[in-house]
Structure formats: structure tokens, C-alpha cells
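One structure is given here, and the rest of the page talks about it.
The values are calculated or read from the model by the stated rules, or taken from the named source; none is laboratory data. Keep in mind it's a predicted model, so treat the numbers as computed, not measured. For neighbour counting, all protein chains shown are included, and Cβ atoms are generated from backbone atoms with ideal geometry for every residue, glycine included. SASA here: full protein model, heavy atoms, side chains in, ligands and nucleic acids out. Shrake-Rupley method; radii C 1.70, N 1.55, O 1.52, S 1.80 Å.
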Amino acid sequence: MHTTWNWLLGVLHLVTWGSSSTLLTIYAMPPQSPVQCNTTGGCTLYSSYGVWGDRKDCHAPNVTYPTTEQELRSVVAYANHNKLKVKVVTKFSHTIPKLACPTSNSEASLLVSTEKYNSNIVVDKDNLVVTVDAGVGLRELIDKVEEAGLTLVAAPYWEGVSVGGLISTGAHGSSWWGKGGAVHDYVIGLSLIVPARPSEGYAKIIRLEAQDPLLNAAKVSLGLLGVISKVKLSLERGFKRSVTYNFTNDAHFEDVFMDHAKKYEFADITWYPSKNTAVYRYDERVLLNVSGNGVYDFIGFQSNLILISKSIRATEKTFENTRDVKGKCTLATTTVAAKKLVGNGLKNGLIFTGYPVIGQQGKMQTSGSCLYSSSSFSTCAWDPRINGLFFYETTAIFPAPKFGEFIRDVKKLRDLNPENFCGVDVYNGFLIRFIKASGAYLGQSEDSVVVDFNYYRASEASTPRLNQDVWEEVEQMAFFKYGAKPHWAKNRNLAFLDVQHKYPNFNRFIAARKQLDPQNMFSSEWSDEILFGKEAANKGDGCALEGQCICSEDRHCSPENGYFCKQGLVYKEARVCRYLQSLSDNEYFYGIRY
């Protein structure tokens, strides 16, 4: 099996390395629309992974596709007049929590898609400002401002997002310099369509400028204040970036991460704990006249042949079913080696030939080439139509002074059995980025460190996972021991428990919501569940397997499959679903009595 896997992964990386070539671009399949409607009436909203956290579909009787700001206003007026719940969806639907689902009472709801509201990008070169329709995709915006010799400094690493969507959920890149790595901190104006009195036509457009106190509520709004129609962003003169990845030992990186972030404007770190490897990204701006035409085409966001994606998922599923930890470790070793070989997707031209890779800011700051293909042989590896990769994404945002201690605790857990951490290294290890303190009410109130890690999700909700307890302990350690905030657009539900107490300006945001949407037209039980961080009152059997609860009884795990609710190994207050092979294991694990 391990030999077979090495062959498969080798083929995969050869394919992804050259996926921007004409041959593979011709035979690729773009993602489908997140909203699918049937001929008899009724629509279903899907996440990009095809399944929401609770595995329940999101239904609405209809979806509308306005093309202008006035059409958007008319839609909000209609919904307000008819007392409908409204949620805005985009072309991409990359929010993992169920924020975009309007209500479980689907007959009294309406989906508003901004997919076709994407015509206007107005660049003001003199004032270094761009004003853009909320439905415009990030790549279209970047290309337009770069054509004018300007640049958007901050962007998330994944470009498959709309402008309205990315600022609503706090999407970010990585930087402690200047205004920082979060895109919403470059917003200097915003137009919002909100409900209004009948005498005002049931809806109105409000224009928020830099000094308006409501702007700090609207910058990261989770879609709860109204429909964003226009966004005004500050720009800078164009520049190039020089990027080098340094693969090295992970010793003491928890002590030097601040120095790294302060030295390089766009620094990040990727940590592969099972491999004792830290990858430092040396990323800084250089002048436009510096030679280089490089591109960052992140290997995980390139189109993959469908056969390869399906084979990888099947192989990982076999490792899970047979509890083959060593198989996962072989996979992790091959993955990290392949990323090092091809510069993680950096290209000096057509391929990666060596460091540094220097290129235009707009070609280096974000990627997502699997979005732009047009046939049926290859697609994004996680496309739900092909039964490819299927995983969780946990993203925790730490106050910078607490991050080092978190890593020390994770290392203690890792050192008990490093092989148990191979599952995260199969994906992208721990991606560590940096964002500055923000004035946004639901943004970060202090300079912060963001940690993303992906890990296997079972095809069935009732199926426990290999080393499940490890990732549950890391997750609870982050959010509860160290008080990390969850990224609004990612995470399993348990990450949001008591989240309202982690934001000093949370009550100001709630006051703005009451002012702009007093009837809660844009809220739902799903968004309230996230915003107010409440655990379900009735915890069902198996609820901890998919992060719908924290276990307090064995039945919340999967006792019939040998998974019982136990305390953490390093963070003793954690309650995790651990696999126990025998009765004696109820007292001893890794030689530790608990």
C-alpha cells in the first residue's frame, strides 16, 4: 500500500506542478454554483465542500441574481415588505459555518446571489482608491488595479472569494507591517442596503465613510447588518515581491516567530510537527525594476486529475479504516518532500527553478488556478462532485503573547507520539500567519497570530477518525486554554463557544445590528448559533465526532467503535473522544495514568 501511495502522490505532484500548461488547462472542470435549484421549485445552498458542519441541507424557495445596486435595493425592499429572511450568497460559497443559510423555515426566506453583480471596478489612481461592486471576484479586482500600476496590499491566500464575502468574514493574508494582513483594514468606505420604513420604500442605501462609527461594524459583519453593495479600498503603488522558503528544523520556532514577522513584511511559517520541520517564508517587497516574472500557484490550489484526487481520498480512507498510522506518515513524508522540491507552487516562469522567486505583487499574493478550468478531467481536489479530498479546517487566532505557550503545549503532545501528528502533515501542517490589531468590532483587538490546520473528515458523520483525540485536544487547547478566537468563515461549531466574550466591542456590533436590522431579517438560527457561541442544549449520541459538541459522556463519542470520552493528555481540562483497545486502556494511555 505504501508503495502504491508513493506512486500516486508522485503522479499528483507532477500533474499539479505543470497544471498551468495549455494541455491540462483545456481539460479541467470549474467549481459548480453553490446554489442548485430544481425544476419544480426550491433551491439548495451547498458549501464548497458539499456538506455543512451539521450535514443538514440548506433550503430556500428561490434565489435572485440582481445585476445593479438598484436591483439589490429592490430585492431587499421586497423581502422586507413580505417579511422574508434574507441571506446573501456569492459565486464561491467558501464559508464553512452555516452563516449563509437563511432559516430552517425555508418557505419564508430568500437567497440573494451577487454572482452577477460584478460589473464595476472604478480605480482612482490619483487618490490610490478603488471602488468595487461587492460581487466582484478577488482575482478580477487584483488584475484591474495592477493594470493601473497600483496594488491591493493584503489578500487571502485563496482567491476564490468575492470582495463582499471576504471583508464580511475577516479574510486575511499575513503581515504585521503597515495596516496589516487583513483586507477589511484597507476598507475606507462601504455601501450597505438595509431595511427601511414603508415611507422610505422598505429599503435604503447608506454610504459609510472612514469617519462613520458604523463602518467598524460593517467591515466584518458576517452578513448580519444588510447587503453590502459597494466597497472602497485603499491601494498602494505597484511593487514586486521576493519569496524564499527555508525548510529547517522546528527547534525554538515558538521563540522566534515575532522576530520573523517583524523582519519580513509578508512573513509566514508552516510547521510540520511529525517531521520536526518548520518552513519560514522570507517574503518582502522589492522595486518594480528588479528582474523576475514569478508566480505563486500554491500546489494545493492547482487543478488535479479527478482520478488522482479520488485515489488519494480512497488511500487515506483505507489508512483510516485499518488504523494505519505508519501509512499516513509515509504519505506525510512524501508530501513534504514534494512541496520542497517544487517550491510549494512558486514558479520562476513555467516551473520552479530556484530561490528567490520574484514577481509582481498581484501574481504572488494569492492563488487558485483550479477555479479557471473548463472541461471534465480535472478540478479542485476537494470538489464534492468527484468524492475527492474531504477535510476539516480549524483556524485559531491568538493574541501574539500567548502563541508561544500554545506551541510548547502542542510540542509536548506531539512528543508523546510524533506519528499521531502525521495526519495534519498530509495536508498543510500548521500554517502560521500574522495580522495586526483592527478597529473592526468583530476583528482582532490586538496584534495576532493565526494558525490554520486541515485534517481528515469521515464520509459518514457516525464514523470516528484515526487519532481523533489528538486534534480535539489541540482544538480545545487553542480555543479554551489560550482563548484563541475562531476565524468567522472556518471551524467546527465548538470553536465558537462563548466567542462573544472574546471581543471587547461585541456589544457595539450588536447595537449596530439592532439599529440597521431591527427585525433581524438578515439573521437566522444558524448565524445566531455562531455569533452567540452556544452549545446545543440536547447533546445527541455521537455529537462530538464532528465538533457539534464537546463530549461529557461516552455516548457523545462512539463507544460501539471503541471511542470513549476521556480527558486530554497535556491539556487535562480537554474532553476528547479517544480510541481504547482494552479495559486496561481506560486507566493508561501512552504510559500516562489519568
Open item on the list: List the aspartates and glutamates whose Cα sits under 18 Å from the Cα of Lys240, skipping any in the same chain fewer than 8 residues away.
Closed with: Asp143, Glu146, Glu147, Glu265, Asp268, Asp283, Glu284, Asp297
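Once the piece of chain linking Lys125 and Lys310 is laid out straight, how much longer is it, given 0.36 nm per residue of separation minus the C-alpha distance between them? Please list the in-between numbers first.
Numbers: separation 185, 0.36 × 185 = 66.60 nm, distance 4.68 nm.
Between Lys125 and Lys310, full extension yields 61.9 nm more.
Accessible area per residue for the chain in Å², computed with a 1.4 Å probe and the full protein assembly in place, what is it?
Numbers: 22790 Å² over 594 residues.
On a per-residue basis, 38 Å².
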- [ ] Give the residues of segment 417-434 whose amide nitrogen is closer than 14 Å to a point set 7 Å from the Cα of Ala251 in the direction of its Cβ.
- [x] none
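Please give the calculated 222 nm ellipticity per residue for the chain, where each DSSP H segment of at least 4 residues contributes -39500 (n - 2.57) and the sum is spread over every residue; nearest 500 deg cm²/dmol? Mind dumping the intermediate values first?
Values: 15 runs with 150 residues, N = 594.
Computed ellipticity for the chain at 222 nm equals -7500 deg cm²/dmol.
DSSP loop (so not H, G, I, E, B), at most 16 other Cβ within 10 Å: list which trypsin sites (Lys or Arg not before Pro) in segment 106-169 pass both filters. Kindly include the intermediate steps, with their values, before the conclusion.
Details: sites: Lys116, Lys125, Arg139, Lys144; in loops: Lys116, Lys125.
Passing both the DSSP loop test and the Cβ count: Lys116, Lys125.
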Task: Portion, in percent, of the accessible area of the chain that falls on carbon or sulfur, probe 1.4 Å - done: 53
TODO: Would you mind checking which residues have amide H under 5 Å from Ser445's amide H? H placed 1.01 Å from N; only 5 or more apart, or other chain.
DONE: Ser438
Open item on the list: Over 22 Å between Cα atoms: which of Lys230/Lys262; Lys310/Lys340; Lys310/Lys485; Lys98/Lys534; Lys490/Lys514; Lys125/Lys363 fall into that group?
Closed with: Lys230/Lys262; Lys310/Lys340; Lys310/Lys485; Lys490/Lys514
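Taking 0.36 nm per residue of sequence separation and subtracting the Cα-Cα distance, how much length would be gained by fully extending the chain between Asp554 and Lys262, in nm to one decimal? Could the numbers behind the result be given before it?
Numbers: separation 292, 0.36 × 292 = 105.12 nm, distance 4.60 nm.
Gain in length upon complete extension: 100.5 nm.
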Task: Estimated inter-spin distance, Arg197 and Gln70, nm [label 7 Å along Cα→Cβ] - done: 2.5
